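The values are calculated or read from the model by the stated rules, or taken from the named source; none is laboratory data. Here the structure is a predicted model, which means the values were calculated and not measured. As a convention, Cβ positions derive from the backbone with ideal geometry for all residues, glycine included, and neighbour counts pool all protein chains shown. Please note that ligands, DNA and RNA were not included when accessible areas were found on the heavy atoms of the full protein model with its side chains. Shrake-Rupley method; radii C 1.70, N 1.55, O 1.52, S 1.80 Å.
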Amino acid sequence: MIEARNITKRFGDFVAVRDVSLAVAPGEFLTLLGPSGCGKTTLLRVLAGFERPDEGAVLLEGKEITDLPPYRRNLNQVFQSYALFPHLSVEDNVAFGLKMRGTPAADRERRVHSALDGVALKGFEHRKPDQLSGGQRQRVALARALVCEPKVLLLDEPLSALDAKLRKAMQIELKQLQRRTGLSFVFVTHDQQEALTLSDRIAIMNAGRIEQMGTPEEIYRRPRTAFAADFIGQANLIVLRVEARAADLVRLRSAEGWSAKLPAGEVPAGANEITASARPENVRPGSGDAGAALTLAARVETRVFEGASDRLILVSTGGARLQAMVAAGSGPETGVEAEWYVPAGKLVALAR
């Protein structure tokens, strides 16, 4: 539906986006995820036409639109600040784009009311923005963007100004809205949980580049780099040296003496050392079985209650730290040294 080809954008000597390519399928919810300054908003503005790339092209349904101004692209953007006109009613805010396009009054009224129904704001037509809650203002901004029937909706951290409870509720509403409309959404956020909740695919950005792209499950369970592993969820990053190679298995050991083994295909040929990732929920008490990917001994230094689970900080005799997640109240007590393991398939070798 929309495609970026080899996009590079510079601001003076600073390269905000570096040779980025991506394609968004019809009806897909793609999230650009990364820390502040990684280039995600700049890339969104290039797609929208508010920034012109120094290199590369933007295509919409296969046709290049790189040189078209924003108002001539069949795209709409929802901004972080909502950007509603404070002196206009909800109805007039939503109708503004249609008026600028010269849409006949009868058609305009029908489409505005349909858009407000779609975001559950029927009956709010005559209120002003300052008479609405944050969530309601966000829905007005969405209705205003949707009423013009864009091919793609671009959203720049639209939920960041909401409180935590309302933000979670709006995430569900936004995903349901996207499914109802069938539009392609390109969504920018720095919130990893938001990306996991909403997305069909996630593009993790770092220093102007796409670090990894895939489904939420792929990125969470099989991160390719240390940055991707650490940015999505919590990750234990463990440096392991190769001790022995066989046709189907590589045996490794950490500086703390932790023993590990991985399928030969997951460890690059010729590598003497790798970094591996293990999610805290996959660090389990016990010795495991013969198939365990990692075994170690560590003392429980800290236990943090997190509702249904406890987060444990483990410390080895050499001072290395790991995090583990166990059911609330279970596992070894604070101060106790115990055996721990990571099951086969849950230790992931990282590319870099």
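Of all residue pairs spaced 6 or more apart or on separate chains, those with beta-carbon atoms under 9 Å, a first member in the stretch 229-252 that is in contact (Cβ under 8 Å) with a residue 60 or more places away in the chain and open to solvent by 80 Å² or more (accessible area, probe 1.4 Å) and a second member that is basic (Lys, Arg) and part of a strand (DSSP E or B) are Gln234/Arg311.
Kindly evaluate Pro285 against the criterion of being surrounded by fewer than 21 Cβ atoms within 10 Å (Cβ to Cβ), more than 14 Å from Ala324 (Cα to Cα) and touching a strand residue (DSSP E or B) at 6+ places or on another chain (Cβ under 9 Å).
Working: surrounded by fewer than 21 Cβ atoms within 10 Å (Cβ to Cβ): yes; more than 14 Å from Ala324 (Cα to Cα): no; touching a strand residue (DSSP E or B) at 6+ places or on another chain (Cβ under 9 Å): yes.
No; evaluated as a whole, the condition is false for this residue.
Listed by first and then second residue, the pairs with beta-carbon distance under 9 Å, at least 6 apart or on different chains, first residue in the stretch 113-130 and at pLDDT 85 or above and open to solvent by 70 Å² or more (accessible area, probe 1.4 Å), second part of a loop (DSSP other than H, G, I, E, B) and of a type in the set (Ser, Thr, Tyr), are His126/Ser89; Arg127/Ser89; Lys128/Ser89.
How many residues, within the stretch 309-352, are among the β-branched types (Val, Ile, Thr) and free of Cβ contacts under 8 Å to residues at least 24 places away in the same chain? Even if it seems obvious, please write down each step before you answer.
Taking the stretch 309-352 first, the residues among the β-branched types (Val, Ile, Thr) are 313, 315, 317, 326, 334, 336, 342, 348.
Next, only the ones that are free of Cβ contacts under 8 Å to residues at least 24 places away in the same chain stay: 313, 315.
Number satisfying all stated conditions: 2.
Residue check: Asn74 meets all listed conditions (1) open to solvent by 10 Å² or more (accessible area, probe 1.4 Å); (2) closer than 26 Å to Met1 by Cα; (3) in contact with a helix residue (DSSP H, G or I) (Cβ under 9 Å, 6 or more places away or on another chain) but one, namely (3).
Of the residues Asp13, Asp19, the single one that is open to solvent by 80 Å² or more (accessible area, probe 1.4 Å) and closer than 26 Å to Ile232 by Cα is Asp19.
Which count do you get for residues in the stretch 269-308 that are without any contact (Cβ under 8 Å) to a residue 60 or more places away in the chain and not in a loop (DSSP other than H, G, I, E, B)?
Quick first cut of the stretch 269-308, residues without any contact (Cβ under 8 Å) to a residue 60 or more places away in the chain only: 269-273, 280-281, 283-308.
Now drop any that are not not in a loop (DSSP other than H, G, I, E, B), which leaves 273, 280-281, 284-285, 294-305.
Summing the residues that are without any contact (Cβ under 8 Å) to a residue 60 or more places away in the chain and not in a loop (DSSP other than H, G, I, E, B) in the stretch 269-308 gives 17.
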